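*Asks:* One structure coming up, written as structure tokens, with questions to follow.
A short reminder: the numbers here are calculations on the coordinates, not readings from a lab. Since the structure is predicted, the reported quantities are computational estimates derived from the model, not experimental observations. Note that each Cβ is placed from the backbone with ideal geometry, even for glycine, and that neighbours are counted across all protein chains shown.
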Amino acid sequence: MEKKWYAIYTWPRWEKKVAETLTKSSYENYCPLNKVVKQWSDRKKVIEEPLFTSYVFVRTTQKQISALKAINGVVSVVHWLGKPAVIRDSEIELIKDFLRNRYNVKLERAAVTVEDRIKIISGPFVELEGKVVSVSKRAVKVLLPSFGCMMVAEVEHDDIAIIRKHSAEITRKAG
């Protein structure tokens, strides 16, 4: 059977422990870690915190999903419409690429909307295409539809090219 990415829900603050247990049990997994600068009275330190609190992604077959529930710290497998929710490989790769060179990434809840389609033409995300939720000053919000949230990256306006304008935008400018 084909392996796919699934999201599992963990006990609070158990993301790293569950990922370590999954690795020891030979499951391919990914716990996205966000580099966050923490300020203490005498120093600053960069620490890694889970980007998605209480979630770890695991790549496995649908037959092996039930075995995940037996792993210490796993509460459940995330379901959508009564079936385990499948996460696209491209979205896992987007998260990995996004976190590779970013600090203090923030997640924002969002309703899925279709906006302009863009392509990044330079910088660390060169050639990446996506749907933009908004662009203001230097912040470009990239939508991840499967999660119902978006990651915010600072991308220079000169580093993006519009591939296709959103039809509502074209109508507004024409009128």
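*Asks:* What is the local net charge at Lys44, summed over the other residues whose Cβ is closer than 13 Å to its Cβ (Lys, Arg +1; Asp, Glu -1)?
*Replies:* Value of the local net charge: +3.
*Asks:* Still on this structure, please answer the following. Order these by the 10 Å Cβ neighbour count, fewest first: Tyr103, Tyr6.
*Replies:* Ordered by Cβ neighbours within 10 Å, fewest first: Tyr103, Tyr6.
*Asks:* Here's something else I'd like to know. Please tell me which of these pairs span more than 23 angstrom C-alpha to C-alpha: Lys16/Lys45; Lys24/Lys44; Lys16/Lys96; Lys24/Lys83; Lys17/Lys96; Lys17/Lys44?
*Replies:* Lys24/Lys44; Lys24/Lys83; Lys17/Lys44
*Asks:* For Arg100, project a label point 7 Å along Cα to C-beta. Then give me every residue of the range 2-31 with its amide nitrogen under 19 Å of that point.
*Replies:* Answer for this model: 29-31.
*Asks:* Find the relative contact order for the range 7-52 and round it to a whole percent, using C-alpha pairs within less than 8 Å whose residues are 6+ positions apart.
*Replies:* 29 percent
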